Amino acid sequence: MHRIHRYFLLLVCLLLARFLGAQSGQIAVPRVDLMPDQPSPFSMRDWKNVAIQYDSFIYDKNKTGQYLPLVNYNNNGINYPTQKQIRLHTYVGTNSPNNSEGINVLQSLVGAALVGQDIRTVYGQDRLVMAQDFFNKKNGENIYLNNASAGSGGDWWYDVMPNVYFYQLYDLYPEFNAEADFQFNTIAEKFLTATQKMGGNATPWTSASMNYRAWNFKTMEGNASGVKEPETAGTFGWLLYHAYKKTGNKSYLQSAEWSMEYLNSLTSNPSYELQLPYGTYIAAKMNAEVGTDYDIK
């Protein structure tokens, strides 16, 4: 599988500058065009060092001071009782110090790994393995969720993004244990089944209909109440396309296309949180690699 994190850096370029399209060259972004090409004065902060310092601070259980430490390591997880579990505060001074969130832990480990932190040995803790406890195996959800004991179907952002972060970690540490392999494949199958239940079909070809707030991956039923998050179709496409790249399973490619065709059909901005950029990025990648024709602009 290609290095997912490298491609994700291209996504940042797409949003903050101008994306180099395969067919039409540079795409002008009017709001970006109003910005100077070279701000003055300008000084770039050492973001790599900031990331290293952040990781070194929040994961050090020996920190002392008001509200510190921000982390502790339980000896027994929920889904993997023989493995330790990370308990990271959601915010400094939290009233719920034992409420550790996958969207904080998993993506912080991705960032730490990208700047060279050894997340498997620093502090004598294998945080990569401990983070697997966010895979909700005990309750039968069998996907990554925002907590180690959670139910899907309340909010797509919390249910889908932890799986994206796990896929990024899996790419950085390919097949680091047998359970990670199981998780990778199980997630892909869950997302494939979900798109099929949402109407994705090969004969006759039909895209998935994804105008929901969330999806219950256990009952395979949609939640259409409240604020809907159809931008999740882009994240589905991102995850399933990378599952296809890793396994060669064309069912995952079809499922990615069902998701992306739905996203491509929307006539208004569906952006609720951060998932739409993943769709924009994977649309460009699929256009370049498999010849789809999604409207990047």
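Ordering 142, 209, 185 by the projection of their Cα atoms onto the charge dipole of region 119-212, which places +1 on the Cβ of Lys and Arg and -1 on the Cβ of Asp and Glu, puts 209 at the extreme positive end.
Sequence-ordered 3J(HN,Hα) estimates for region 79-87 from the Karplus curve with 6.51, -1.76 and 1.60 and θ = phi - 60° stand at 8, 9, x, 8, 10, 5, 10, 7, 10 Hz, glycine and proline given as x.
Measure up 63/84; 197/228; 218/285; 218/246; 48/137; 137/285 against 28 Å on the Cα-Cα distance and list the ones that go over. The pairs that break the limit, which is 28 Å between Cα atoms, are 218/285; 48/137; 137/285.
Computed about its Cα centre, the charge dipole of region 81-206 is approximately 220 debye, with only Lys, Arg, Asp and Glu carrying charge at their Cβ.
About its Cα centre, region 208-297 has a charge dipole of approximately 260 debye under the convention of +1 per Lys or Arg Cβ and -1 per Asp or Glu Cβ, with nothing else charged.
Residue 165 sits among other residues whose Cβ lies under 12 Å from its own Cβ, and their net charge, with Lys and Arg +1 and Asp and Glu -1, is -2. Taken about its Cα centre, the chain carries a charge dipole of about 320 debye when Lys and Arg each add +1 at the Cβ and Asp and Glu each add -1 at the Cβ. Centre-to-centre separation between the Cα atoms of region 163-180 and those of region 51-114: 19 Å.
Loop-located chymotrypsin sites (Phe, Trp or Tyr not before Pro) across region 78-159 with a Cβ neighbour count of 16 or fewer within 10 Å are 91, with loop assigned by DSSP. Membrane-span-like helices of the chain, defined as complete DSSP H segments with a Cα extent of 15 Å or more along the helix axis and a mean Kyte hydropathy of at least 0.0, are identified as 4-16, 47-58, 102-114, 276-290.
Every number here is computed from the coordinates shown, using simple stated rules; none is lab data. Keep in mind that what you see is a predicted model, and the values were worked out from it rather than measured. Note that each Cβ is placed from the backbone with ideal geometry, even for glycine, and that neighbours are counted across all protein chains shown.
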